[in-house]
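Colleague: First the structure, then my questions, so here it is.
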Amino acid sequence: ATGCIDMRAAFASASPRSLAASALRRTAPLHTEARIKELGLTLPAAGTPKANYTIACWESPTRLYLSGHLPIKPDGSMATGTVGGEGGLSLEEAQEAAKWCGLGLLATIQDQLGGDLDRVEQVVKLFGIVASAPEFKQQHLVLNGCSDVMMAVLGGKRGYHARSAIGTNTLPLDSPVEVEAIITVKPA
């Protein structure tokens, strides 16, 4: 690894499942930003660090590591709470929160690539953490919200990825889910 490189100087309404199904049906190539619009999605502002770290770290000109993203909506509000248990978020609400994490990741990728999501070669891996009650055992299903939006926006070849999902008792800022990513990109 070469450490973090600042590459910038060098260079909703649909359910997560329906988004993924739509990506698998699509055969004609589309400009990624047009695909986002076609799906009726809106990207939030690009992520910003909430503590002493960088939101994105370039290992090389083609490999981008993204710090954990929280479920921030375009209006700036954030989903909060714990998944499962009495009074906790439902699986569906948690999947929606994971979808917002995915859209936030896409916004940060777009920012890092100077606005051109077509340069995304592949989402290599997602790592998700779910703040959940001890009896909740469906963290892997929560992360489908993020995975499905990646597949819908980027298509099967670029959006399909390896993934891990774990549960924890709490996350920063009372977030129900946090997702980080490793992305490969086409050279500028």
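Colleague: Tell me which residues, restricted to the stretch 166-184, are in a strand (DSSP E or B) and not hydrophobic (A, V, I, L, M, F, W, C).
Modeller: Once the filter is applied, which keeps residues that are in a strand (DSSP E or B) and not hydrophobic (A, V, I, L, M, F, W, C), the stretch 166-184 yields Gly167, Thr168, Glu178, Glu180, Thr184.
Colleague: For the stretch 127-165, how many residues are assigned to a strand (DSSP E or B) and within 17 Å of Glu96 (Cα to Cα)?
Modeller: Residues in the stretch 127-165 being assigned to a strand (DSSP E or B) and within 17 Å of Glu96 (Cα to Cα): 7 in total.
Colleague: For the stretch 105-126, enumerate the residues that are within 13 Å of Leu66 (Cβ to Cβ) and either outside any strand (DSSP E or B) or among the β-branched types (Val, Ile, Thr) (or both).
Modeller: Leu105, Leu106, Ala107, Thr108, Ile109, Gln110, Asp111, Gln112, Leu113, Val120, Val123, Val124
Colleague: Right, here's the next one. Of the residues Leu126, Leu154, Leu171, Leu141, which is open to solvent by 40 Å² or more (accessible area, probe 1.4 Å), hydrophobic (A, V, I, L, M, F, W, C) and modelled with pLDDT of 95 or more?
Modeller: Testing whether each residue is open to solvent by 40 Å² or more (accessible area, probe 1.4 Å), hydrophobic (A, V, I, L, M, F, W, C) and modelled with pLDDT of 95 or more leaves just Leu141.
Colleague: Right, another one. Report yes if Ile5 is open to solvent by less than 70 Å² (accessible area, probe 1.4 Å), modelled with pLDDT under 95 and within 29 Å of Ala188 (Cβ to Cβ), otherwise no.
Modeller: Criteria met by Ile5.
Colleague: Step by step: first the residues of the stretch 174-188, then only those that are of a type outside the set (Ser, Thr, Tyr) and touching an Asp or Glu at 6+ places or on another chain (Cβ under 6 Å), then the one that is least open to solvent (accessible area, probe 1.4 Å). Which residue is that?
Modeller: Val185
Colleague: Sticking with this structure for a sec: Residues in the stretch 16-49 that are at pLDDT 85 or above, in a loop (DSSP other than H, G, I, E, B), small (Gly, Ala, Ser) and exposed (fewer than 14 other Cβ atoms within 10 Å of the Cβ): how many?
Modeller: Residues meeting the conditions: 2.
Colleague: Sticking with this one: Return yes when Val149 is over 12 Å from the mean Cα position of the chain (by Cα), β-branched (Val, Ile, Thr) and either open to solvent by 20 Å² or more (accessible area, probe 1.4 Å) or modelled with pLDDT of 95 or more (or both) and no when it is not.
Modeller: no
Colleague: While we're here: Given the structure, is Asp75 within 18 Å of Val185 (Cβ to Cβ) and of a type in the set (Asp, Glu)?
Modeller: No, not satisfied.
Colleague: Taking the stretch 50-73, which residues are open to solvent by 40 Å² or more (accessible area, probe 1.4 Å), outside any strand (DSSP E or B) and within 16 Å of Ile109 (Cβ to Cβ)?
Modeller: Of everything in the stretch 50-73, those that are open to solvent by 40 Å² or more (accessible area, probe 1.4 Å), outside any strand (DSSP E or B) and within 16 Å of Ile109 (Cβ to Cβ) turn out to be Thr54, Pro61, Thr62.
Colleague: Among Ala133, Ala107, Ala98, which is among the aliphatic types (A, V, I, L, M), over 16 Å from the mean Cα position of the chain (by Cα) and open to solvent by less than 30 Å² (accessible area, probe 1.4 Å)?
Modeller: Answer to the check: Ala133.
The values are calculated or read from the model by the stated rules, or taken from the named source; none is laboratory data. Everything numeric here is computed off the predicted structure, so don't read it as measured data. A quick note on method: Cβ atoms are made from the backbone with ideal geometry, for glycine too, and the neighbour counts reach across all protein chains shown. With ligands, DNA and RNA removed, areas are computed over all heavy atoms of the protein, side chains included. Shrake-Rupley method; radii C 1.70, N 1.55, O 1.52, S 1.80 Å.
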